[in-house]
Amino acid sequence: MSATTEERTTAELMPGVQIPLIGLGTWPMMGENAAAAVSQAITNGYRHIDTAENYANETAVGEGIRRSGIERRQLFLATKFNTQWHSRSRVREAFDNSTRRLGVDYLDLFLVHWPNPAQGQFVEACEGLQQLMEDGCIRAWGVSNFKPAHLQRVQAAGIPVPLNQIQVDPEHGQPEQLAYHREHGILTAAYSPLGRNGGFLSHPAITGPATDLGKTPAQIVLRWHIQHGRAAIPKSANKQRQRENLDVFNFALTQPQITAINALETGTPPRLDSDTYFH
Ligand code: A2P
């Protein structure tokens, strides 16, 4: 990559809506820890913050945003709602609750947090999100933890899904899930992109490129996500780690380096099974 070419740090999520490829994950930070981490991250250059109703930290995240002094429109703010709001009208209540807690009047991205297929109302939740878009309340919408079977049901209702936020790291690549996203133009956002401090950070497939490129293992893994065309939302409250996690542009892994990291795949499913787990 030429040193004179500035690499794009965002992707087009929906027409006219750019999502910063690196965001700050905020689970399980709470209270003052969350507010301080969010404020510090924004000061350090983060422009994408990810929270959720269920993290019980939206009020603190909102406090951190205000403390940073950033203009609201400079920030990409994403949150998610629980399955109790899975109906066209109740999604509006979920929006009102989240924006009140966050102290904002619109969201950049609002996600169905879990499909809860036993309840069977997630298509209605997506319809509610489309209505919020039409009403100008949210700039983009998406889902989280949806398997291909869940995505198919939404698509069968004539609703293209823009984004799915799922657990992805080098050992949990979910190849069939990611292939489905590629085929259907669904942007993947990776949560736990570093695998909850995965042991793989010390694997030679990662430490090798880290040494060669003068980067940390975490930067190599985040760069691997970016070169696969994914957004990633690493969580850290630590100033130094926040900085390094954002500094993953303008260097590149080679194809053999990417292939070696891909080979860490274990075939293990994600930690939580979205056919049965929900909140
Ligand atoms: P810390 O918060 O102390 O920085 P999650 O799976 O929820 O995204 O968790 C991310 C985990 O990875 C946290 O334990 C976090 O620890 C750790 N982490 C975040 N950034 C880095 C980094 N750059 N290097 C090593 N560990 C990191």
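The values are calculated or read from the model by the stated rules, or taken from the named source; none is laboratory data. Please read all numbers here as calculations on a predicted model, not as lab measurements. Here the Cβ is made from the backbone with ideal geometry for all residues, glycine too, and neighbour counts use every protein chain on show. SASA here: full protein model, heavy atoms, side chains in, ligands and nucleic acids out. Shrake-Rupley method; radii C 1.70, N 1.55, O 1.52, S 1.80 Å.
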Matching helices (runs of 4 or more DSSP H) fully within region 79-181 where at least 1 residues are under 28 Å from Pro193 (Cα atoms) and of a type in the set (Phe, Trp, Tyr) | 88-102, 122-134
Residues within region 196-220 that are crowded, with 18+ Cβ neighbours inside 10 Å and closer than 30 Å to Gly142 by Cβ, tallied | 10
Some residue of region 77-97 being closer than 26 Å to His225 by Cα, touching a Lys or Arg at 6+ places or on another chain (Cβ under 7 Å) and open to solvent by less than 20 Å² (accessible area, probe 1.4 Å) = no
Screening Gln131, Gln152 for residues that are without any contact (Cβ under 8 Å) to a residue 12 or more places away in the chain and either hydroxyl-bearing (Ser, Thr, Tyr) or more than 13 Å from Asn82 (Cβ to Cβ) (or both) leaves only Gln152
Members of region 229-249 found to be out of contact with any strand residue (DSSP E or B) (no Cβ under 8 Å at 6 or more places or on another chain) and either more than 9 Å from the ligand (Cβ to nearest atom) or assigned to a helix (DSSP H, G or I) (or both), listed by number = Lys239, Gln240, Arg241, Arg243, Glu244, Asp247, Phe249
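Quick grid of which residues meet (1) open to solvent by 20 Å² or more (accessible area, probe 1.4 Å); (2) on the phi > 0 side of the Ramachandran plot; (3) more than 16 Å from the chain's Cα centre (by Cα):
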residue	(1), (2), (3)
Leu222	no, no, no
His225	no, no, no
His228	yes, no, no
Asn238	yes, no, yes
Gln242	no, no, no
Leu246	yes, no, no
Gln255	yes, no, yes
Ala260	yes, no, yes
Ala263	yes, no, yes
